[in-house]
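Take a look at the structure below.
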Amino acid sequence: MERKVFREIVDLRLWIAALATGAFGLILLIVSLFLSGHNILQPFIASLASLLIATIPITLIWELYAKRALINEVNEEIGLEKSLEEIKSILKLHKDLQASGLSRVTRDYMSLDWMELFKKVHRLDIFIAYGRTWRARYTTQLKELALRSDVTIRVVFPDPDNQELINALAHRINGKTSEEISKEIKDAVAEFSNIFAHSPNGGAKISMWYTSVLPNFALYIFDDNIITTLYTHRRQRIGVPTLIFEHGGSIYDFFKEEFEELIDEKNEIARKIEK
């Protein structure tokens, strides 16, 4: 629609310019008739008038038809219009990515620089089903965090006593039975409790929670970085998408608010695990 309007405006300007040029040429032609006694000036003005009048149809044919036909043919040959649309789409996608805060996507969550995240973190929030592989790999880092007085750690697990929730998890996670899922969660809580048991009175502020919410993703919030790992619906173990979002993005805000709502006791969907 915008292109059509633009073309109509261009056409109108061409016609106005053509009419003005033609009128000027006609005036010069009439003037030349009154200069029959001037052997030099009269033929010059007459020739100029003829040239102006003659160029009008040629210019109109070129501008309105021939040039556009040539441009269309070039577009078809090199796909220029398609390329411009692709560039627009890329620019829009880039803008959307910046707004979301997305900084990285991978299917190997172990390839992330977890060690650097642990070194810098002051507030660590975790929402996992049980995270056996992850906690085993970073036990040392979790113990070191527990010793730091400038650190707050909050960990949320599915409630192993909520049978409906456990059945839903068992149906989805690697074909495990409800009893196995419940045991995995309780083992995770016990292991995290053991890890954090090394925290002195002046160490990190630590709390663990049970929730009745079915986790659709694993969530790790390291201050200004949020890492979320999606869960697969397939039975076999495969690499799953892992996304990192940085503070200031709309998706970062979404996950941050999700976690805060999750442990807000007013919502009655989580309860603190007593030590």
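The values are calculated or read from the model by the stated rules, or taken from the named source; none is laboratory data. The structure displayed is predicted, hence computed values, not measured ones. Note that each Cβ is placed from the backbone with ideal geometry, even for glycine, and that neighbours are counted across all protein chains shown.
Miscellaneous remarks
- Subset tally (residues that are closer than 19 Å to Thr106 by Cα, of a type in the set (A, V, I, L, M, F, W, C) and assigned to a helix (DSSP H, G or I)) for the stretch 241-266: 2
- The condition of being of a type in the set (Val, Ile, Thr) and within 23 Å of Ser149 (Cβ to Cβ) holds for Ile263.
- Asp253 closer than 26 Å to Ser100 by Cα and either among the charged types (D, E, K, R) or without any contact (Cβ under 8 Å) to a residue 40 or more places away in the chain (or both): yes
- Hits in the stretch 91-113 - residues which are surrounded by fewer than 11 Cβ atoms within 10 Å (Cβ to Cβ) and of a type in the set (A, V, I, L, M, F, W, C): Leu91, Leu93, Val105
- Filter pass, Arg107 being assigned by TED's automatic domain parsing to the domain that holds Glu258, within 20 Å of Thr228 (Cβ to Cβ) and more than 27 Å from the chain's Cα centre (by Cα): no
- Failed item, numbered, when Lys120 is tested on (1) touching a helix residue (DSSP H, G or I) at 6+ places or on another chain (Cβ under 7 Å); (2) surrounded by fewer than 18 Cβ atoms within 10 Å (Cβ to Cβ); (3) not polar (S, T, N, Q): (1)
- Tallying residues that are assigned to a loop (DSSP other than H, G, I, E, B) and either over 21 Å from Thr232 (Cβ atoms) or in contact (Cβ under 8 Å) with a residue 60 or more places away in the chain (or both) within the stretch 202-219 yields 5.
- Among residues of the stretch 123-151 that are over 15 Å from Ser207 (Cβ atoms), those with a Cβ under 7 angstrom from a residue that is of a type in the set (Val, Ile, Thr) and in a helix (DSSP H, G or I), sequence gap 6+ or separate chain, pair up as Tyr130/Ile185; Thr139/Ile195; Lys143/Ile195.
- Residue satisfying all of: in the stretch 160-214; basic (Lys, Arg) and modelled with pLDDT of 90 or more; surrounded by the fewest Cβ atoms within 10 Å (Cβ to Cβ) among these: Lys205
- Of the residues making up the stretch 243-271, just one is charged (D, E, K, R) and within 13 Å of the chain's Cα centre (by Cα), namely Glu246.
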